[in-house]
Amino acid sequence: MAAKNKSNEIKLIRVYDAPVKMVWDAWTDPKQAAHWWGPRGFTITTHSKDFKVGGSWKYTMHGPDGTDYPNYTKFLEVEKYSRMVYDHGGNDDRPPLFRVTVNFSETHGKTKMEMTMALATPEAAESTRKFIKKVGGDSTWDRLAEYLEKESTGKDEFFINRTFDVPLELMFKVWTDPKHFSQWLPPTGMTMKFIRSDIRPGGGAFYVMTDGGNLKMYGTTKYLEITKPDRLVYTQQFCDENEKVSRHPMSPTWPETMLTTVKFSEEGPDKTRVTITWEPHGDFNREELETFIKARSGMTQGWTGSFDKLEDYLGKIS
């Protein structure tokens, strides 16, 4: 069991389907870091990076609105393929904003990344949590997963994670019981109703989502794998009221079939991390793939909205 977080610390755990050397290099090579560092929509320009004890990384983050954010990192500990500790922010005239400790470990070709951000006070930690959520800071680690997948297999996928303060069994239940599922999955402003559901491997579901007005979106789901309590795999397609496959009502070049993989893992006492992998499935062309790739920011917003609703819903039933 993981120890309870100190109130002035922010902890994060991710598991990447890549060897530790590959993950480490993605962190330490500025050319690779440029592909994933920062929230979705942000880019970076590295001015200098001396990755050693006492060295520094000076870079500018460019926000989607054109705002530039100068950044300074000083490395305090470097244990190759295993651990790094660095101070972030600050300069000769002011102390750093926080200290980051990152530990890497490899098991069966997968890398666990355990990160702790230590701030001066509990109040500073809470303020930083709110800021990270506001700017979508956790999408940085989803972008890293996407980058590693692309480099390993050539596949373009979408990743998103969230940790919830509930046991693993309850999290699995709210993903596989329609009476729970329909309460939180729809996009903000939409409601969801299952017309038919048979949630088992080989089974499927037919549902409709509506905004309460004229907009109605029908969809079908086919369940490929259900492994209680840690894995769920299914495909989704838009359709009409007669279950005839159709295109996304607002994006005609969106892939016809999407594959969703949901992984559930314990992250501590009564804490469950949910990892979503989304990708085009079956037959799709380059234009559809490009539509998918360009929509990642929108997908992050959509899943974040669903996760926020799920967090509220779990608070009511747990």
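Among 300, 291, which is modelled with pLDDT of 95 or more and either more than 23 Å from residue 192 (Cα to Cα) or crowded, with 16+ Cβ neighbours inside 10 Å (or both)?
Just one listed residue meets the conditions, 291.
Tally up the residues in segment 87-112 that are in a loop (DSSP other than H, G, I, E, B), without any contact (Cβ under 8 Å) to a residue 40 or more places away in the chain and open to solvent by 20 Å² or more (accessible area, probe 1.4 Å), please.
Of the residues in segment 87-112, 6 are in a loop (DSSP other than H, G, I, E, B), without any contact (Cβ under 8 Å) to a residue 40 or more places away in the chain and open to solvent by 20 Å² or more (accessible area, probe 1.4 Å).
Which residue pairs have Cβ atoms under 6 Å apart, sit 6 or more places apart or on different chains, and have a first residue in segment 21-43 that is touching a residue at least 60 places away in the same chain (Cβ under 8 Å) and part of a loop (DSSP other than H, G, I, E, B) and a second that is of a type in the set (S, T, N, Q) and open to solvent by 30 Å² or more (accessible area, probe 1.4 Å)?
Hits for this filter: 40/297; 41/297.
Search segment 65-86 for residues being open to solvent by 30 Å² or more (accessible area, probe 1.4 Å) and of a type in the set (A, V, I, L, M), and hand back the single one that is nearest to residue 25 (Cα to Cα).
Restricting to residues being open to solvent by 30 Å² or more (accessible area, probe 1.4 Å) and of a type in the set (A, V, I, L, M), the top hit is 78.
Looking at (1) part of a loop (DSSP other than H, G, I, E, B); (2) touching a strand residue (DSSP E or B) at 6+ places or on another chain (Cβ under 6 Å); (3) open to solvent by less than 50 Å² (accessible area, probe 1.4 Å), find the lone condition where residue 53 falls short.
With (1) part of a loop (DSSP other than H, G, I, E, B); (2) touching a strand residue (DSSP E or B) at 6+ places or on another chain (Cβ under 6 Å); (3) open to solvent by less than 50 Å² (accessible area, probe 1.4 Å) applied to residue 53, the lone miss is (3).
Looking at (1) part of a strand (DSSP E or B); (2) within 23 Å of the chain's Cα centre (by Cα); (3) among the aromatic types (Phe, Trp, Tyr), which is the only condition residue 131 fails?
(1)
Can you name every residue in segment 144-156 that is buried (at least 20 other Cβ atoms within 10 Å of the Cβ) and touching a Pro at 6+ places or on another chain (Cβ under 9 Å)?
Scanning segment 144-156 gives no hits.
Regarding segment 125-133, can at least one residue be identified that is among the aromatic types (Phe, Trp, Tyr), loosely packed, with under 15 Cβ neighbours inside 10 Å, over 30 Å from residue 282 (Cα atoms) and out of contact with any His (no Cβ under 6 Å at 6 or more places or on another chain)?
Within segment 125-133, one or more residues are among the aromatic types (Phe, Trp, Tyr), loosely packed, with under 15 Cβ neighbours inside 10 Å, over 30 Å from residue 282 (Cα atoms) and out of contact with any His (no Cβ under 6 Å at 6 or more places or on another chain).
Using the structure shown, decide if residue 21 is under 27 Å from residue 299 (Cα atoms) and within 25 Å of the chain's Cα centre (by Cα).
Criteria not met by residue 21.
Which ones in segment 157-188 are buried (at least 18 other Cβ atoms within 10 Å of the Cβ) and acidic (Asp, Glu)?
The one that is buried (at least 18 other Cβ atoms within 10 Å of the Cβ) and acidic (Asp, Glu): 157.
If the requirement is being among the small types (Gly, Ala, Ser) and open to solvent by 20 Å² or more (accessible area, probe 1.4 Å), which of these qualifies: 219, 315, 305?
None of the other options fit; the residue is 315.
Determine whether residue 135 is modelled with pLDDT of 95 or more and of a type in the set (A, V, I, L, M, F, W, C).
The answer is no for residue 135.
Could you list, in sequence order, all residues of segment 251-263 that are within 15 Å of the chain's Cα centre (by Cα) and open to solvent by 10 Å² or more (accessible area, probe 1.4 Å)?
261, 263
Starting from segment 271-285, take each residue that is under 15 Å from residue 159 (Cα atoms) and open to solvent by less than 20 Å² (accessible area, probe 1.4 Å) and list its partners that are assigned to a loop (DSSP other than H, G, I, E, B) and among the polar types (S, T, N, Q), counting only C-beta distances under 8 angstrom and pairs at least six apart or across chains.
That search, which allows pairs on different chains as well, returns 280/257.
Collect the residues in segment 228-250 that are over 16 Å from residue 196 (Cα atoms), in contact with a strand residue (DSSP E or B) (Cβ under 7 Å, 6 or more places away or on another chain) and open to solvent by 80 Å² or more (accessible area, probe 1.4 Å), keeping them in residue-number order.
Listed by number, the list holds a single entry, 247.
So if I check each of 165, 177, which one is modelled with pLDDT under 95, within 22 Å of residue 272 (Cα to Cα), under 19 Å from the mean Cα position of the chain (by Cα) and not β-branched (Val, Ile, Thr)?
Of 165, 177, the one residue that is modelled with pLDDT under 95, within 22 Å of residue 272 (Cα to Cα), under 19 Å from the mean Cα position of the chain (by Cα) and not β-branched (Val, Ile, Thr) is 165.
The values are calculated or read from the model by the stated rules, or taken from the named source; none is laboratory data. The shown structure was predicted, so the numbers you read here are calculated from the model rather than taken from an experiment. We place every Cβ from the backbone using ideal geometry, glycine too, and count neighbours over all the protein chains shown. What goes into the accessible areas is simple: the full protein's heavy atoms, side chains included, and nothing from ligands, DNA or RNA. Shrake-Rupley method; radii C 1.70, N 1.55, O 1.52, S 1.80 Å.
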